[in-house]
Structure formats: structure tokens, C-alpha cells
Amino acid sequence: MLGRMFLLTDVEKMVSALWLTGWISLIHFSFSCCVNLPSLLPEGQPASISCPLRIQSKYTVTWYGNDSDIPIPMDNYSRVHQQGNLLWFHPIKLEDSGMYQCVYNSTRSKKKLIVLGNSVGLCFNREIVYMQKLSLHYNGKLTCPDLQNFRNYENAPLISQWYKACHLHLYEDWKFQTSGENLLINNVTKEDEGVYICKAKHTYMGKEYNISRTINLTTFEPLKKKSLEIIYPKNNSVEVKPGSRFDMVCNVSVDPLDRASLVWEFNDENLKNIDKEYNCHLHVV
């Protein structure tokens, strides 16, 4: 009887622990679904925020700002206007910071907006930086980020300049080349780490605006590759009896990231030119 009581107590503890874990997971899931992170945007540039609700085309979105009951206009000539599920600012100002609300199919969702000026002594704000990583010793590319909403207009943003930090204008040479919204970097080294700024021109309703994005580049060492290894035949030689039939087979171990092609040679001549059959197996590890 005593043994049964101990067993029941252990089971009860296990059920209680599972019940508590389930409630914690449910609370965490509910919190993640309902809380929207604030949008941080740089002052003086065209910008947009999106309604966090799931939108279907048969319904329209209405935006309200800073606890106002008056909908934000849809007039494209207005500095602040709504278009689809996006709220646009041409350009955005510090006083635009605040809480905004989008209403969709009788469902409301709030979105907090924080507009920031440049940090002291810098041409960007430290809190609005995009992280990108590149592998050392290889060619890589940086992408000017967060421009997707601008591509919906007839005049897509045109990347005009790239900078290292705030002052060093990057000119195209063997090290750097531009390609659309990308900056190509040849033979990435530790010295290439740091802050990069891409600047773009965007034309809206006949007026030209400047867009800039700040990227912090870090590098990492690539995984060491395994060198090509001939598994069979060992020592690159096989003994056979004269006059006997023999199938020559080779097994090679090579890194799966390497592009390896194997050829047979006989007396320094490619066997493709010789009327004989040979087999070779590539073993990837």
C-alpha cells in the first residue's frame, strides 16, 4: 500500500509538471502572437509600416494615428497617407513617432513607430543597423536591405553610392563592384569588417528622395574542407597477371562542396582517346 502511495505521488507530480509546462507554452505562444515589435525608422527619409494583420484582397485596411478617430487620408499627395496595408511617410519626421492602429474586417491591431535621428557624431543611428555576415577568403556580397516596399512603385529605388563608415566612398576596383542592390566584395578579409552604408534615389509623385541603409559586416572562418584522397588503389598501383582480364576501379574521397571531375591517364595520355574501358567511382564524404 505504501509503495502504491509513493507511485501515485510521483505520477501526480509528473502530471502537474506537464500541466504547468503546457500553460507556460500557451502563455508564451499567445504573447508572441499578440505583441508587435516597434518599427524603428530613420528621420528625413521616405518610409512605410505594414499592418500586422493578415490581409485578404476583398477587405480594405483603415489606418488611424496617435489615438485619433479620424482615418489617415488615402491621398497620395499627402505626406502621410495609406495605400493598401501600408502606411507611407514622404518623408518621415520625428513628430511622427507614436502609436498607430490599423483596422481590417472589424479587427484592430496597434503598431508602435519610433523615428530616430542620427547618433551624435555619426551619419546613421546605432539602433537602426542591419547585420550581415560573410565568409573569409571567398568572394561575397552585401545587399542593401529593406527596400521591398519601394519596388511596388513604377520608379524602383536606384542604388547610387556605397560607403565604408560615413566618409569613405567605395569606388569600383578589383576589391569592390556594384550590381543592382548588391555590393560585391572580392576575397573577403577581416579588414573588410565594419559599417557600410548604401544610398539610393527614389522618385515619388515627381519628387526625388534619398534613402540610406546601414549594414554592420562581420566575418567568419569557413569550415575546413577535406582534401581529395584516393582510397583505392593504395599507392596508386595495382599488381595484375599478364594476359588476365582485370577491371581497373578507383575510389576517391572528396568534400561535397568541391566540384571534382576525375579522368584516367595512361602514359600521360587522356584515356578518352584510347579504345579501352575503365571504371572510376567518386565517393563523397
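Every read-out reported here was derived from the displayed coordinates using simple, explicitly stated rules and does not represent laboratory data. This is a predicted model, so every value here is computed, not measured. All Cβ positions, glycine included, derive from the backbone under ideal geometry; neighbour counts span all protein chains shown.
Could you give the length gained on full extension between residue 241 and residue 83, defined as 0.36 nm per residue of separation minus the Cα-Cα distance, in nm?
Full extension from residue 241 to residue 83 adds 48.6 nm.
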For 51, 166, 198, what's the fewest-to-most ordering of other Cβ within 10 Å of each Cβ?
166, 51, 198
Point-charge dipole on Cβ atoms (K/R +1, D/E -1) for the stretch 42-96, about Cα centre, debye to 20:
320 debye
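Rounded, prolate or oblate for the stretch 56-109? Axes are the square roots of the Cα gyration tensor eigenvalues, ordered a ≥ b ≥ c, and the cut-off for rounded is a/c under 1.5.
Here the stretch 56-109 falls in the oblate category.
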How high is the relative contact order of the stretch 74-154, in percent, counting Cα pairs under 8 Å that sit 6 or more residues apart?
14 percent
Taking a 21 Å limit on the Cα-Cα distance, which of the listed pairs 93/207; 133/175; 112/133; 141/199; 133/224 fall beyond it?
112/133
Of the listed peptides 66-75, 108-117, what is their order by residue-averaged count of other C-beta atoms within 10 Å, with the highest listed first?
108-117, 66-75
